[in-house]
Amino acid sequence: MIKKFEDLEVWQNSRDLFNEIHLLITSSDFSKDYALVNQINRSSGSIMDNIAEGFRRAGNKEFIQYLSISKGSCSEVKSQPYRTMVRSCFSSEQGEILLTISQSLKKQLVGFIHYFKHSVFYRSESQI
């Protein structure tokens, strides 16, 4: 049973993506590109933070809104490896890892949003 946002697999996977990004930042020349590091750090953190914030909102409609914001941040994270590979901040293999993880997480977010939109448990704030 899910009682807190930390129980959500999608949040756990977003945390894993955040951690993977942190490892890549600290183990490569990428850390020297402060603006890009800040951007990917913020967008990857936004994924997990919005899932957490949406989890405690009044109803599924608001939760879906926050999941959608997370999905947008996930797309932003997916875009970042292209920039880092062009700048040779880290290898194409490292970039591919981030692309794969972020794509998988985005699919999971889309599925989660779809589930809540079509769930018999769908509630808006006015129904609570």
Can you tell me the convex hull volume per residue for the chain, based on C-alpha atoms, in Å³ to the nearest whole number?
91 Å³
Label GLN65 and SER88 with points 7 Å out from Cα along Cα→Cβ: what is the distance between them in nm?
4.7 nm
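Take the residue pairs LYS3/LYS107; LYS4/LYS32; LYS3/LYS71; LYS3/LYS78 and return only those whose Cα atoms are more than 32 Å apart.
LYS4/LYS32
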Based on other C-beta atoms within 10 Å, arrange LEU8, LEU23, LEU105 from fewest to most.
LEU23, LEU8, LEU105
Per DSSP helix of 4 or more residues, -39500 (n - 2.57); summed, then divided by the residues of the chain. What does that give at 222 nm, rounded to the nearest 500?
-25500 deg cm²/dmol
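Going by C-beta contacts inside 10 Å, put ILE101, ILE69 in order with the fewest on the left. Mind dumping the intermediate values first?
Details: ILE101 21, ILE69 18.
The order, fewest Cβ neighbours first, is ILE69, ILE101.
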Based on the Cβ-Cβ distance from GLU6 to SER31, what FRET efficiency comes out when R0 is 35 Å, to the nearest 0.05?
0.80
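Only the coordinates and a few stated rules stand behind these numbers; no lab work does. Keep in mind it's a predicted model, so treat the numbers as computed, not measured. A quick note on method: Cβ atoms are made from the backbone with ideal geometry, for glycine too, and the neighbour counts reach across all protein chains shown.
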